[in-house]
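Read the figures in this text as sums done on the coordinates, not as results from a lab. Quantities reported herein were computed from a predicted structural model and do not represent experimental measurements. Cβ placement follows ideal geometry from the backbone for every residue including glycine, while neighbour counts extend to all protein chains displayed.
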Amino acid sequence: MSKLVDGILDLLLPPRCAFCRKVLRRGESGMCASCEKTLPYRERQRENGPDFVDALCAPLEYTGAVRDALLRYKFNGVTAYAGVFGRLVATCVSENLAGEYDLVSWVPLSSERLAERGYDQAMLIAMAAALDLGTVAVETLRKTRNVAPQSGTGSPEKRRANISGAYEAIDPELVEGKRILLIDDIVTSGATVSECARTLGMAGAESVVCASVAR
């Protein structure tokens, strides 16, 4: 019965590529074959992380169709994109960070932003990525201050000041001695993941590595 319902929904609202928005063909999932080949993949997906982050990886450059897709996902409620974003992150993690983490987590929204948006975009990507990696994503951090959006804050120094002290570890016993993979949708200056990693380190985490959809 559920397959019949899914088929009817596909006819009424056919699944589209997250990037070019063309209707997907049979066998395609999340993105079309053309975009899969032509997306702006990063030549070097792994790099040294910002302060408190041992390494960072991201499969895509934050430009063009990737930027548009992430903005639709983040601000227009297109949560279905989480699946394809999660798969991209999982592949990148498998190729660049395998064996370097014990727990998968994410950069959380504040309660105010979560109520406004209705979903935590990084959490959904982390859950999808963890599923592909054969594990589960667990909540390790809470955002205690609803700061101004980092995208409009300005210089790296101002971004670091804006986000300083905005997070706390939910359960220090959960992270103590653990190597944590922290997932976000986009990493720009790295100030946010750096602050999250600092907070986790103060709670006893052994190390933090990060992954995002785009950089």
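Please give the calculated 222 nm ellipticity per residue for the chain, where each DSSP H segment of at least 4 residues contributes -39500 (n - 2.57) and the sum is spread over every residue; nearest 500 deg cm²/dmol? Computed mean residue ellipticity for the chain: -12000 deg cm²/dmol. Cα centroid separation, region 100-149 to region 10-82: 18 Å.
Spin-label model, Glu43/Lys74: points 7 Å from Cα along the beta carbon direction are separated by 2.6 nm.
Output the pairs from Lys74/Lys143; Lys37/Lys178; Lys22/Lys74 with a Cα-Cα distance over 25 Å in this structure; if there are none, say none. Long pairs (Cα-Cα over 25 Å): Lys37/Lys178.
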